[in-house]
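The next block holds one structure in the form of structure tokens; read it before the comments.
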Amino acid sequence: MSNPIAATTSRASSHTRARNLAVTAMLSAVAFMLMFLDFPIPFLIPSFVQMDFSELPALLASFSLGPVYGVMVCLVKNLIHLTITSTGGAGELCNFLLGACFVFPAGYIYQHMKSRKGALVGALVGAVIMAVLSVPLNYYISYPIYTKFMPIDAILNMYREIRPTSGGLLECLILFNAPFTLVKGLLTTALCFLVYKPLSPILHGNHH
């Protein structure tokens, strides 16, 4: 005999999975669009390093659906962006890795501390991890690609316009890019806390 409880549970589980994937797809599309709303922050970092909030939908997914879904949003937005890449995929790879470093710890910690404090601690830990790892990821992935389009001296001179005593690339990444990435994570976290509650019915389903 078939077990009606098991069948109902299986149907509910399939429905939840399908809804989670639909929400993930929607958030990935929003994240992709947010990649175009990037802007420079003059006097703080060279203009070719742009601020954007495309990790926001991934962070929302990580908190509402779980850390794996947050990473999926980071992956999908960059896979879509590959179709118009100007960095041979290196920029997208770096963006995906940094985004995953941010949203996975945030969602993982929140899963084990289901509270506003847990969400805040998770996001702050993720932002710090993303900032620290931005140094090696930029040094070994992004900037070797940039130097194909622009000589390393020209890149370093852009940093020196802001801080004349800046040394080599590694020093510039530590002094400029890591703090910039941390600020990006903190601003994304603040935005997430602002919009999470109004968006909660969409993220969780109206029954929550």
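Nothing in this text is a laboratory measurement; each read-out follows from the coordinates by a stated rule. In this text, all values refer to a predicted model and were calculated from it rather than measured experimentally. Cβ atoms come from the backbone with ideal geometry, glycine included; neighbour counts cover every protein chain shown.
Structure above, values below:
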read-out	value
Residue check for residue 97: touching a Cys at 6+ places or on another chain (Cβ under 6 Å) and assigned to a helix (DSSP H, G or I)	no
Residues of the stretch 74-94 satisfying the condition of being in contact (Cβ under 8 Å) with a residue 40 or more places away in the chain and outside any helix (DSSP H, G or I)	87, 88
Candidate set from the stretch 135-184 (those that are free of Cβ contacts under 8 Å to residues at least 40 places away in the same chain and of a type in the set (S, T, N, Q)); member that is surrounded by the most Cβ atoms within 10 Å (Cβ to Cβ)	166
Conditions (1) of a type in the set (Gly, Ala, Ser); (2) more than 20 Å from residue 73 (Cα to Cα); (3) assigned to a helix (DSSP H, G or I): number failed by residue 166	(3)
